[in-house]
Amino acid sequence: MKNQLIDFDFQSHQVRSLVGEDGNPWFAAKDIFCALELDWSGKSLYSVPEEWKGMGKFPTPGGEQELVVINEPAVYMVAFRSNKPEAICFTKWIAGEVLPTIRKSGKYTLSSKDDTPKPKGGFSHLPKFIKDADNGNAFAIFTLKEFGIEKHRKAPEWLKSELTLKTIDEIHDLAKDNSIFAKHLIKSLYGFDVENPQLSF
């Protein structure tokens, strides 16, 4: 993975990052867990999709070492696990300070014309975020907003090509169960209410 290193500090916790060959930021996973005061072990990233993980080289007092890195969607996923008040501040810090800094450095370029971050591994976790957002979970609502999904905002058109049929089916099922976010997303992307049984892709 390309070594264009940028270091940040969150409440005295070092957060190391680099820009990968895909042009997107990757963060040292252990640093993210330490900043969120979450336990770190070999199983800490078990539930994170493989395509959201990688290896990156960072300078350390003992010389250059390869560390596990995670991408932006994985950072939100990890923060979503934490119930600590610091997690909300951390998520806002990543979105409001870290990513804009990387973009201004010229080392982080978006692949689309809009500024909506797209997870490299797709949106297989989207139904879970939608379900939790309906239950008022702040992290889920924030994550959906980061991907352009809000109650009173038209969803970005590129979502159509990013969602798999399986994910669409799961979202449609949530909509039929009266999920506010799912109903809005289905109507925003495909122009119909969930009462219509015919889906045209």
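Here, each number is a calculation from the coordinates, and none is a lab measurement. The shown structure was predicted, so the numbers you read here are calculated from the model rather than taken from an experiment. Cβ atoms come from the backbone with ideal geometry, glycine included; neighbour counts cover every protein chain shown.
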### Query
What is the gain in length, in nm to one decimal, between Glu150 and Asp173 on full extension, counting 0.36 nm per residue of separation less the C-alpha to C-alpha distance?
6.4 nm
### Query
Taking square-rooted eigenvalues a ≥ b ≥ c of the alpha carbon gyration tensor, is the stretch 1-110 rounded, prolate or oblate, where a/c under 1.5 means rounded and, failing that, a/b exceeding b/c means prolate?
rounded
### Query
Which FRET efficiency value, to the nearest 0.05, is calculated for Ile180 and Ser41 with the Förster distance at 41 angstrom and r the Cβ-Cβ distance?
0.65
### Summary
Scalar couplings 3J(HN,Hα) for the stretch 137-152 by Karplus 6.51 cos²θ - 1.76 cosθ + 1.60 (θ = phi - 60°), nearest whole Hz, x for Gly and Pro, are 5, 5, 5, 5, 4, 5, 5, 4, 4, 4, 9, x, 10, 9, 4, 10
### Task
Give, in nm to one decimal, the length gained when the segment between Lys166 and Lys84 is fully stretched (0.36 nm per residue of separation minus the Cα-Cα distance).
26.3 nm
#### Entry: Rounded, prolate or oblate (a/c below 1.5 giving rounded, otherwise prolate when a/b exceeds b/c) for the stretch 116-189 by Cα gyration tensor
rounded
### Query
Which order do peptides 174-182, 29-37, 68-76 fall in by mean Cβ count within 10 Å, highest first?
68-76, 29-37, 174-182
### Task
For Phe123, list long-range residues whose amide hydrogen, built 1.01 Å from N in the peptide plane, is under 5 Å from its own amide hydrogen.
Thr164
### Task
Over 31 Å between C-alpha atoms is what I'm after, so list which of Lys30/Lys151; Lys43/Lys84; Lys145/Lys166 land there.
Lys30/Lys151
